[in-house]
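These notes are about the structure you will find just below.
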């Protein structure tokens, strides 16, 4: 499903990735761990297509953006939109049109309490925003989900909650 | 694209600060436009009143010597166009009343008293001030974070992953902010139309269309420039600072620098120099009161021969009238020569200023705005030219009466009857149709279109290449 072959990437002569080869199969959950500067973010940005490797090849499914769902470290939603409006908006950007009920179901499945669906996200905690972020990725029905430190900054309870709903 | 457009508008209209500011702004715009219309109407009424008064003076004139009436003179009033309330242009400084009399071609020096505020440094709050300065500033503040903001908030990655191209995002945002400017512009225009609907004709509609189109293009330029800087610069502060710096350059420094430069390239004579040169040329000719003997003698000889008489006293006409008209005509050729040269210089200066539009689109905006409102130099020169043509006919009518009305040479006490003065026609200014003047604004139109195309092409180019990170 995800295939990285001999990836090299340097920034101003400084090697960030040196000959990285990686194979992730469908259904597999794969974590990148490492110290600061180890190249985790570079790998993530290469997978997302925001960086191009100096050499090597990257293949994700059929190599289309529609196959990737992405949850950033900080899900910054539009504060003036409600949870459901944010989800609807980002779904529309991906060419997906869902009914209000379907959108609501996505949010519920991702652990966002029903009464929060129609509240503006400016009142949301980080954990609630992350849940909407998961719902955006989930609603896309992507084949590959790339999560960039999605639990950072969350308290242990929220992190566990997040883990549960992302696992679902 | 529609979704992004709608989302941007939602964002603005759900922002209470934006709503308060917009409400205040719309209110100000409505008041200023309405006040402009009222002021315009007041000026028009005052002019009509003065015009009636002058007419009444001529209608009620007691039997008078025609030459005395020529010195009494008349006035030409430059009527305000309807769109004068949108952009007063040069009218602030040129004045709108011209005294017409024999022997002399006067300048337009009589400014309306209410314009005296211009003498102070405060200036008046006019729709053009809002259109040219405040709305663009508003658009800058709305768009400077277009891309840097999305990048700083981390949403840019989400957009790209959701399948939106940077190009689509950028253009949707440009159009959404641009339309805010258009809405404000249309709002002021609607107020204008409501208050002046009975005075609209095809020319006014065409002028209004030109006026709106100019601002619509300029707002696209200012929004595109801000968004372009938001794309190429890495943070919102740099983007805002750069845009404000360019805007200040465009609106404050470059117009003054260009103004000084065109003056240096094509200098105008001082009033004293100009008058001296005119007087010198004039003194070579025949003067009604101090005739140049040589020329007068030639004229006398020709007139005596024409009427087959031996002396001026035998002439069936008043030779003094002929002399005065000949002097007038000589004065006209002197005026044509000197003012012709001066007007040519004005036109060269104007053209050079227009060319600066390729560096500073703000000057093109101002030129087109004043042109559409009928308050620019071209319209002013047109008024002066029509007023001078009328003055010539007016003075010739009086001189002809003096010459052929039944008096004898040397009879300065002879009086024409009141009916004659009633029959002297008024000056009626015919405002030129904008369709006939479009060629004068080609440089400005091209400059704005070049700026617009250039910025859109640049944005299209950089949005395909700029890093999302």
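Of all residues in the stretch B:305-326, which are part of a helix (DSSP H, G or I) and touching a helix residue (DSSP H, G or I) at 6+ places or on another chain (Cβ under 9 Å)?
If we filter the stretch B:305-326 for residues that are part of a helix (DSSP H, G or I), which is where we start, we get B:305-307, B:312-314, B:319-326.
Matches in the stretch B:305-326: B:307, B:312, B:314, B:319, B:320, B:321, B:322, B:323, B:324, B:325, B:326.
Is it fair to say residue B:427 is under 27 Å from the mean Cα position of the chain (by Cα), modelled with pLDDT under 90, within 30 Å of residue B:66 (Cα to Cα) and surrounded by 15 or more Cβ atoms within 10 Å (Cβ to Cβ)?
Numbers: under 27 Å from the mean Cα position of the chain (by Cα): yes; modelled with pLDDT under 90: yes; within 30 Å of residue B:66 (Cα to Cα): yes; surrounded by 15 or more Cβ atoms within 10 Å (Cβ to Cβ): yes.
So residue B:427 passes the test.
Let me spell it out: the conditions are (1) in contact with a helix residue (DSSP H, G or I) (Cβ under 8 Å, 6 or more places away or on another chain); (2) surrounded by 15 or more Cβ atoms within 10 Å (Cβ to Cβ), and residue B:41 meets all of them except one. Which number is the exception?
Among (1) in contact with a helix residue (DSSP H, G or I) (Cβ under 8 Å, 6 or more places away or on another chain); (2) surrounded by 15 or more Cβ atoms within 10 Å (Cβ to Cβ), the lone unmet condition for residue B:41 is (1).
Quick one: count up the residues across the stretch B:187-219 that are under 26 Å from residue B:143 (Cα atoms) and crowded, with 23+ Cβ neighbours inside 10 Å.
So the answer is 6.
For the stretch B:99-108, state whether one or more residues are within 17 Å of the chain's Cα centre (by Cα) and at pLDDT below 80.
Kept after step one, since they are within 17 Å of the chain's Cα centre (by Cα), are these residues of the stretch B:99-108: B:107-108.
Checking the rest, the ones that are also at pLDDT below 80 come to B:107-108.
Yes: one or more hits.
Looking at this structure, is residue B:95 over 28 Å from residue B:183 (Cβ atoms), at pLDDT below 85 and under 17 Å from the mean Cα position of the chain (by Cα)? Quick ask: steps written out before the conclusion?
Values: over 28 Å from residue B:183 (Cβ atoms): yes; at pLDDT below 85: yes; under 17 Å from the mean Cα position of the chain (by Cα): yes.
Considered against the rule, which asks whether it is over 28 Å from residue B:183 (Cβ atoms), at pLDDT below 85 and under 17 Å from the mean Cα position of the chain (by Cα), residue B:95 comes out as yes.
Is there a residue in the stretch B:407-423 that is surrounded by 14 or more Cβ atoms within 10 Å (Cβ to Cβ) and under 30 Å from residue B:375 (Cα atoms)?
Checked the stretch B:407-423: no residue is surrounded by 14 or more Cβ atoms within 10 Å (Cβ to Cβ) and under 30 Å from residue B:375 (Cα atoms).
When you look at residue B:18, is it surrounded by 16 or more Cβ atoms within 10 Å (Cβ to Cβ), part of a helix (DSSP H, G or I) and within 14 Å of chain A (Cβ to nearest Cβ), yes or no?
yes
Mind checking which residues of the stretch A:35-56 are away from chain B (no Cβ under 14 Å) and either surrounded by 11 or more Cβ atoms within 10 Å (Cβ to Cβ) or modelled with pLDDT of 90 or more (or both)? Before the answer, list the steps.
Of the stretch A:35-56, the ones away from chain B (no Cβ under 14 Å) are A:35-40, A:53-56.
Within the stretch A:35-56, A:38, A:39, A:40, A:53, A:54, A:55, A:56 meet the criteria.
Which one is nearest to the other protein chains (Cβ to nearest Cβ) among residues in the stretch A:59-75 that are touching a helix residue (DSSP H, G or I) at 6+ places or on another chain (Cβ under 7 Å) and surrounded by fewer than 20 Cβ atoms within 10 Å (Cβ to Cβ)? Walk me through how you get there before you give the answer.
Our first condition is that a residue be touching a helix residue (DSSP H, G or I) at 6+ places or on another chain (Cβ under 7 Å); within the stretch A:59-75, this holds for A:60-61, A:65, A:68-72, A:75.
Filter again for surrounded by fewer than 20 Cβ atoms within 10 Å (Cβ to Cβ), leaving A:61, A:65.
On the way: A:61: 14, A:65: 5 Å.
Per the stated criteria, the residue is A:65.
Of all residues in the stretch A:142-154 being closer than 18 Å to residue B:163 by Cβ and at pLDDT 85 or above, which is nearest to the other protein chains (Cβ to nearest Cβ)? Working first, answer last.
Step one: filter the stretch A:142-154 for residues closer than 18 Å to residue B:163 by Cβ, giving A:142-146.
Still in the list and also at pLDDT 85 or above: A:144-146.
On the way: A:144: 11, A:145: 11, A:146: 8 Å.
Checking each candidate, the answer is A:146.
Only one of B:42, B:10 is at pLDDT 85 or above, in a helix (DSSP H, G or I), within 14 Å of chain A (Cβ to nearest Cβ) and within 30 Å of residue B:187 (Cα to Cα). Can you tell me which?
Values: B:42 fails: within 14 Å of chain A (Cβ to nearest Cβ).
The match here is B:10.
Have a look at A:15, A:100 and point out the one that is surrounded by fewer than 17 Cβ atoms within 10 Å (Cβ to Cβ) and within 20 Å of residue B:3 (Cβ to Cβ). Steps first, please.
Working: A:15 fails: within 20 Å of residue B:3 (Cβ to Cβ).
When all the criteria are applied, what remains is A:100.
Which pairs do you get when a residue that is crowded, with 23+ Cβ neighbours inside 10 Å, found in the stretch B:79-100, comes within reach of a residue that is part of a strand (DSSP E or B), reach meaning Cβ atoms under 7 angstrom, with the pair 6+ apart or on two chains?
Every condition considered, the pairs that remain are B:98/B:75; B:98/B:76; B:98/B:106; B:98/B:108.
Inside the stretch A:1-17, can you point out the residues that are free of Cβ contacts under 8 Å to residues at least 40 places away in the same chain and not in a loop (DSSP other than H, G, I, E, B)?
In the first step, residues of the stretch A:1-17 are kept if they are free of Cβ contacts under 8 Å to residues at least 40 places away in the same chain; the result is A:11-17.
Scanning the stretch A:1-17 gives A:11, A:14, A:15, A:16, A:17.
Being buried (at least 16 other Cβ atoms within 10 Å of the Cβ) and either within 14 Å of chain A (Cβ to nearest Cβ) or closer than 30 Å to residue B:156 by Cβ (or both): is that true of residue B:448 here?
On the way: buried (at least 16 other Cβ atoms within 10 Å of the Cβ): yes; either within 14 Å of chain A (Cβ to nearest Cβ) or closer than 30 Å to residue B:156 by Cβ (or both): no.
No: the conditions fail for residue B:448.
Pick from B:403, B:425: which is farther than 30 Å from residue B:167 by Cα and in contact (Cβ under 8 Å) with a residue 40 or more places away in the chain? It would help to see each step written out before you state the result.
On the way: B:425 fails: in contact (Cβ under 8 Å) with a residue 40 or more places away in the chain.
Only one candidate passes the filter, namely B:403.
If you check residue A:114 against the conditions, is it surrounded by fewer than 17 Cβ atoms within 10 Å (Cβ to Cβ) and touching a residue at least 40 places away in the same chain (Cβ under 8 Å)?
Numbers: surrounded by fewer than 17 Cβ atoms within 10 Å (Cβ to Cβ): yes; touching a residue at least 40 places away in the same chain (Cβ under 8 Å): no.
Answer is no for this residue.
Just for the stretch A:76-96: of the residues that are assigned to a helix (DSSP H, G or I) and at the interface with another protein chain (Cβ under 7 Å from one of its Cβ atoms), which one is surrounded by the most Cβ atoms within 10 Å (Cβ to Cβ)? First the steps, then the outcome.
Here is the first cut: in the stretch A:76-96, the residues assigned to a helix (DSSP H, G or I) are A:83-93.
Narrowing further to those that are at the interface with another protein chain (Cβ under 7 Å from one of its Cβ atoms): A:89-90, A:92-93.
On the way: A:89: 19, A:90: 28, A:92: 18, A:93: 22.
Ranking the qualifying residues of the stretch A:76-96, first place goes to A:90.
Is one or more of the residues making up the stretch B:93-100 farther than 30 Å from residue B:176 by Cβ, in a loop (DSSP other than H, G, I, E, B) and away from chain A (no Cβ under 14 Å)?
Filtering the stretch B:93-100 for residues farther than 30 Å from residue B:176 by Cβ gives B:93-100.
Add one more test, that the residue is in a loop (DSSP other than H, G, I, E, B), and what stays is B:95-96.
If we keep only those that are away from chain A (no Cβ under 14 Å) as well, we get B:95-96.
Within the stretch B:93-100, one or more residues are farther than 30 Å from residue B:176 by Cβ, in a loop (DSSP other than H, G, I, E, B) and away from chain A (no Cβ under 14 Å).
Restricting attention to helices (runs of 4 or more DSSP H) lying wholly within the stretch B:143-244, give those where 3 or more residues are over 23 Å from the mean Cα position of the chain (by Cα) and within 14 Å of another protein chain (Cβ to nearest Cβ). Show your work before the answer.
Working: elements: B:148-153, B:155-161, B:166-196, B:202-232.
Ranges flagged: B:148-153, B:155-161, B:166-196.
State yes or no: is residue A:133 touching a helix residue (DSSP H, G or I) at 6+ places or on another chain (Cβ under 9 Å) and away from every other protein chain (no Cβ under 11 Å)?
No, not satisfied.
The values are calculated or read from the model by the stated rules, or taken from the named source; none is laboratory data. Just so we're clear, the structure is a prediction, and the values are computed from it rather than from any experiment. Don't worry about glycine lacking a Cβ; one is built from the backbone with ideal geometry, like all the others, and counts go over all protein chains shown.
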